[in-house]
Each structure stands twice: as structure tokens, then as C-alpha cells.
1. Among 182, 296, rank each residue by its count of other Cβ atoms within 10 Å, from fewest to most, as a rough exposure measure.
2. Within 10 Å of each residue's Cβ, count the other Cβ atoms and sort 353, 71, 62 from fewest upward.
3. At 0.36 nm per residue, and after removing the present C-alpha to C-alpha distance, how many nm does the segment from residue 415 to residue 235 gain when stretched out fully?
4. So if R0 is 22 Å, what FRET efficiency would residue 494 and residue 525 give, r being the distance between their Cβ atoms, rounded to the nearest 0.05?
5. Assuming 0.36 nm per residue, please report the length gained on full extension of the stretch residue 221 to residue 377 beyond their Cα-Cα distance.
6. Can you compute the modelled spin-label distance between residue 46 and residue 456, with each label point 7 Å from Cα toward Cβ, in nm?
7. Fewest to most neighbouring Cβ within 10 Å: what's the order for 46, 199?
8. Full extension from residue 333 to residue 513: what is 0.36 nm times the residue separation minus their Cα-Cα distance, to one decimal in nm?
């Protein structure tokens, strides 16, 4: 046929294996990959499809197998290309003898993957023909040429990735913030973002409830029970709550470049700890919560992470599984008490609380277990005594506690920041003197080392003051919440949430005495 003659003349390698005496038809297919889903790429795919079908169908020794094509995917990882992997699986099942591909870069951009699958296909007796390069992998020199061309394809992918990375970093430097479209609270509008108030209220609720003492699991369960869903329409998980509480974009500010890809071929993103540039952008979009609330939540997260919960090992994280979780402390050894169920002879289940140390080694602590009902009865009497003269007591407590509470040290912070600015200016002046030759090198190095040490010390002081200020604000908020509850005559003080809000610690001084340390600053002892 004329068309066959034309093809043989232009692509002799394509038909070389067919020149041998073969009685059975070869199963031949093609593979195409387009990196985007645009109309232009769709047209490119249709041209490839028509071209390869014409070649295969016009050869009487070939049996056409429906082609394989991946759309809108990168060629750096074979596992992400479903059609490619389906084609490889069909080859393993002996359904294909030959594959036609436009070019090496369409087959894959990762040298390792490219050579891996080409060599596997050669072992299976399946040849791959790359039309642009005029290479058949079953020929003697095919393996060497493919190694070279695959390396070139990978370099092309690296160059493209570098360009993309450069574009991202330029956007970061320009302060252009992108908010994940699946994040609650915002909607893209024009070149910026606007608040979706219904979703924003969910975010505020999560931050409020966390500061009120709820665990991330409780927050998720409450949202799910109320029928509130994520942007995808799924139920909330604990991890989703943690991500929301850690997302500084809800303050209207953004940190860009928090993660990075270690390599173009890697799909993993790692936490950026100085390996790549990062940028902080202020007031880049409307805020849903205040910076103060965000900082308080971060301080509360840190506080909870340092707590030992009431698990058996005493090394767990913050827990709100039971109303008394994390509140009970052994007065003898200082360990937490954990909930431990006991079954009576009658079969009745009696929840008790036992010292972790005592449970592991009775010789180390002889604190006996306490019945949960006895603890709650003692609490009821203690809170009754606290509220007996509520008006007078609360006013005294409020005044005395606020006087003793460390207030935010804004003056010290301002002084430290001013000193930092002056010291950094001195470093710049020192650099200029060195550049202009106005200072000997030895003197420059001595003064630079001294100024550097001053900056390090001032930054340490600045960090400490900021931490103390945030902790002070968090303590103030907990105090205000407790006082508000104690001042409300309609509050049910036996409610689990109320107990958590007004009680700081319950110290077990022995089997017959409990010391209730209320968040308002009052300590009341009760016999059991």
C-alpha cells in the first residue's frame, strides 16, 4: 500500500521488527500524555490519536489495541498516571506487543521511572517506539540513546519546576496571598478575598470553644452533631480543627513559604525551617479573628501539650474525656489521677479515680482510690460555700486577684524593641565604615561580634516578654470567664462545662480531704 511505503521510508526503525517472518499479528497500541486540560491540548491529543490509529490500522501485520492517554498530569511520577499504569499492567498480561509514543518526554520526565519501565517492557518482549527521536527500544543502541534522552527530559522538567518556584517566590515577595479555596471563611472575589460570614462564624466558634477548654475532639463532635460540615461537605475530624487553630490567615496576615519541596521529583512538601525563603505579609486580606485571640490559642495549645493527662502512663496529651480529667492531682506524689472502673460484687460499675503512681507501684505512693460520686459531692459542697456570700467574696477576690495578676508588660517590650532598632542601625553603620575603609578589619570584627551578641540577647528578652504577656492575657481571660460564671445565679454548677471553667485544680490531700482550687483565686478544703 502507498501509505505503508511512505511510512517505511520515513520511519524505517518502526517496521524493522516486522521484516522477520512472523505469522501472528502483533498487538499494537499508543500512549499519549497531555499536561493540561486546555482546548489546545485536547486538539493536540486528537491529532496524536488520529495519527497513530492511521499508522497502526494501515499495517496488516498489526492488531490495533485501544490507545491510552493521561490528561492534566505531570510526567515526573508514573504512579500518578492511571492510564500509563493500566497500560503497563496490560503489557504484563501479554495483551500488548508494541507501544507507539510521540516522544520520550510524553512517556515520562523522570529518568529513573522511564528506564525502569522501558527495561521491564523489553524483558516482557514489548517494544516502545518514540516517533520524534526515531528510536525503537528493541534495537541494540536503543538503551544508550534512551538514557541520554531521558536525562534531557528530566532536566527539562527541572527547568520548568525552577521557573515555577521562581514565580511563587516572586509572588511571595510581592505579598500576593493565596487562600486555599477549601478553607472555610473566605471567597475569592476579583484580585482579593471577602469574608463568607456564615462560615466565618464557624471559625470564631472553634477558637472560642478551644479557649473555653474544649478539646479538639469535642469541638469536632459538637460541630458534626449540629450538622455543620467542612467545605467539602464532610464531617469534621480532629486534624481539621487543629489546622484551623494553626492557620494564621484567619488574622488577616499570612506567612508565605511555610513548606517547600526538596526536589522537583518529590511530591512531598516539608516544613520550612530555614531551608527556603519565607515571607510575612501583614493585613493582606480581611481578618476573621483578632491577632490577640490567635496568640491566646497558640499559648493554650502549648499549655495543653505540656500537661500530663489522666491516662495510665501519665504521659498523654490534654484530655476532656471525663469532667474530672486532668483536674485531680495527688497531694503526696504530685501525679495525676486517672479514671478507673471498679465492679462491685453486685455487678454494679463504680467509676473511681486512682493516682497513676499508686496504680503502677503501690509502694511508691499509698494514695487510695476515690469514688467519683464522692468527689462530685465534695465539689458541690465547696461551690456552695464559695457562693454562700457570693457578692462580697467575689468582689474581694476580683480586686485581690487582678492586683496580683501579672499584667502585660508593654513598656518593657517597647524598650527592648527600641534597643533592637538602635543596635541594628549600629550594625549597618559598621558595615558602611568597613566598606568605605574607615575602620581596621580587626576592630570591625570585634565590634561586629559585640553587636551581634547584643542583638541575640535582646531578641531573647523580647521573646520572653512576649511569651509572658500572652500567658498573662490567657490567665486573665480564664479568670474573667470564671468570675462571670460565678456571678451568674442561673448557672448550673454541676454542669460539666461549668466545672471545667471554674475549677483549676483539685488537690487530693488524703482519702478524706480534697482541696478545690478555683480559678477565681479561692481555695476551699472539703472533707469526704
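1. Going from least to most buried by this count: 182, 296.
2. In increasing order of surrounding Cβ atoms, one gets 71, 62, 353.
3. Extra length available between residue 415 and residue 235 comes to 60.0 nm.
4. With a Förster radius of 22 Å, E is 0.65.
5. In short, 53.3 nm is gained.
6. Going by the 7 Å Cα→Cβ label model, 6.7 nm.
7. Least crowded to most crowded, the residues run 46, 199.
8. Difference between extended and current length: 63.3 nm.
Throughout, read-outs are computed from the coordinates displayed, never taken from laboratory work. In this text, all values refer to a predicted model and were calculated from it rather than measured experimentally. Heads up, the Cβs are rebuilt from the backbone with ideal geometry, glycines too, and the neighbour counts pull from every protein chain shown.
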